[in-house]
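Note sheet for the following structure.
The values are calculated or read from the model by the stated rules, or taken from the named source; none is laboratory data. Bear in mind that the values here come from a model prediction, so they are computed numbers and not experimental data. Cβ coordinates were reconstructed from backbone atoms using ideal geometry, including for glycine residues, and neighbour counts include every protein chain displayed. These area figures cover heavy atoms from the full protein model, side chains too; ligands, DNA and RNA do not enter into them. Shrake-Rupley method; radii C 1.70, N 1.55, O 1.52, S 1.80 Å.
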Amino acid sequence: MVGSDALQAIVYARGSLRLLDQRKLPLEVDYVDVKDSADGWNAIRDMVVRGAPAIAITAALALAVEVSDLDFTGTPAEAASFVSKKLEYLVSSRPTAVNLSDAATKLQTLVSKTAENAKDAKAIFQVYIEVAETMLIDDVADNKAIGSHGSLFLQRQLGNSKNISVLTHCNTGSLATAGYGTALGVIRALHSAGVLEKAFCTETRPFNQGSRLTAFELVHEKIPSTLIADSAASALMKQGRVQAVIVGADRIAANGDTANKIGTYNLAISAKHHGVQFYVAAPVTSIDPALPSGEEIVIEERSPKELLNSEGGLGKQVAASGISVWNPAFDVTPANLITAIITEKGVITKTDADGAFDIKAFIQSAK
């Protein structure tokens, strides 16, 4: 167990970045040093760090470490180009996570504008580092706001019940963000309010983020919790043991269609059938207004070894040699299966009888 009260997936000081190696949890707590963008790319791709918010912050900070003491002799424009190309490279590590591409685009715009008036390359790097560090601080505040909005909304939706049980999928806590968490942040807030009876978490195969990471966080935080097999979720709902499902998001389309860890769509269908409310909790940066629907979301496929071998591909072979594998990392849950989307700006609810979200109007009103 981690000795401090709060789990830290990202440990940063200017010029230094260390990542909790989540592949080794819960049995071993080990940190990986990240010294440049290449280390950051590998850490993201190899799932040393995961979770859309944490991925974006890791990428930004990995490059911040690289440029913090870089011997660069070019012009401000060349420094801005250097940063921009490195960010493009980092985005390629996990293309489905919109937070990463969104952060990269904003940072690219920042350094480009800064280069117009900067006196030297060092000024470009300094501005970049300061903004990347601000991202780390802001993420924790945003997550706590998500937790607060979600907890209050769920309590109202469930008739101010004092015995709320929820089901979550994958890992959306401190290990997937800079701290506190998104969907798990809502669960934390419910627990703090004294209204959470139990949190159920799925194993989340094949990489077992639920059993390895979410269960680890729930036990660490002393939140009453129970682990279930992915295939047990429908039976759990049929017995009436959960009133809501809360998941995170890697990308949300303009209409509310949501890409999240594979298996989320299954849970949404089952929740709809059993009359269980289904919530997505994510920062506004997870929303991609350029995508009209989930049909346009690119779904990453992971290594076949994650299914062929135990321990998410790291252990011994468990499947028959010669079998082919389809291993998508994410699926897309249609907006009509989602009760509401919880963000740091508030809760996005349905606006008409057809069950559509007006996300564009929500974002404009929240500015």
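Some points to look at:
Here's the yes/no breakdown for (1) touching a Lys or Arg at 6+ places or on another chain (Cβ under 6 Å); (2) surrounded by 21 or more Cβ atoms within 10 Å (Cβ to Cβ); (3) in a strand (DSSP E or B):
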residue: 246; (1), (2), (3): no, yes, yes
residue: 252; (1), (2), (3): no, yes, yes
residue: 256; (1), (2), (3): no, yes, no
residue: 272; (1), (2), (3): no, no, no
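- Of all residues in region 215-236, none are open to solvent by less than 20 Å² (accessible area, probe 1.4 Å), assigned to a loop (DSSP other than H, G, I, E, B) and of a type outside the set (A, V, I, L, M).
- Selection count where residues are in a helix (DSSP H, G or I) and either crowded, with 20+ Cβ neighbours inside 10 Å or aliphatic (A, V, I, L, M) (or both), scope region 93-107: 8
- The residue list 54, 60 contains one member that is touching a residue at least 40 places away in the same chain (Cβ under 8 Å), closer than 22 Å to residue 108 by Cα and either touching a helix residue (DSSP H, G or I) at 6+ places or on another chain (Cβ under 6 Å) or charged (D, E, K, R) (or both), which is 60.
- Of all residues in region 325-336, one or more are open to solvent by less than 20 Å² (accessible area, probe 1.4 Å) and aliphatic (A, V, I, L, M).
- Close pairs (7 angstrom Cβ cut-off, 6 or more residues apart or separate chains): free of Cβ contacts under 8 Å to residues at least 40 places away in the same chain and on the phi < 0 side of the Ramachandran plot in region 348-367, among the β-branched types (Val, Ile, Thr) and in a loop (DSSP other than H, G, I, E, B) anywhere: 358/351
- Any chance residue 40 is in contact (Cβ under 8 Å) with a residue 12 or more places away in the chain and either crowded, with 22+ Cβ neighbours inside 10 Å or in contact with a Gly (Cβ under 8 Å, 6 or more places away or on another chain) (or both): yes
- Within region 87-141, tally of residues that are under 24 Å from residue 72 (Cα atoms) and either among the basic types (Lys, Arg) or touching a strand residue (DSSP E or B) at 6+ places or on another chain (Cβ under 7 Å) (or both): 4
- Qualifying residue in region 346-356 (condition: within 23 Å of residue 184 (Cβ to Cβ) and open to solvent by 30 Å² or more (accessible area, probe 1.4 Å)): yes
- Residue count, region 68-92 (criterion: within 13 Å of residue 40 (Cα to Cα), open to solvent by 50 Å² or more (accessible area, probe 1.4 Å) and in a helix (DSSP H, G or I)): 3
For (1) at pLDDT 95 or above; (2) under 23 Å from residue 51 (Cβ atoms); (3) under 20 Å from the mean Cα position of the chain (by Cα), each residue gets a yes or a no:
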site: 282; (1), (2), (3): yes, yes, yes
site: 297; (1), (2), (3): no, yes, yes
site: 307; (1), (2), (3): yes, yes, no
site: 314; (1), (2), (3): no, yes, no
site: 319; (1), (2), (3): yes, no, no
site: 331; (1), (2), (3): yes, yes, yes
site: 355; (1), (2), (3): no, no, no
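- Unmet criterion (only one of (1) basic (Lys, Arg); (2) surrounded by 12 or more Cβ atoms within 10 Å (Cβ to Cβ); (3) at pLDDT 95 or above) for residue 302: (3)
- Filter result for the condition that a residue is more than 20 Å from residue 22 (Cα to Cα) and surrounded by 14 or more Cβ atoms within 10 Å (Cβ to Cβ), over 276, 318: 276
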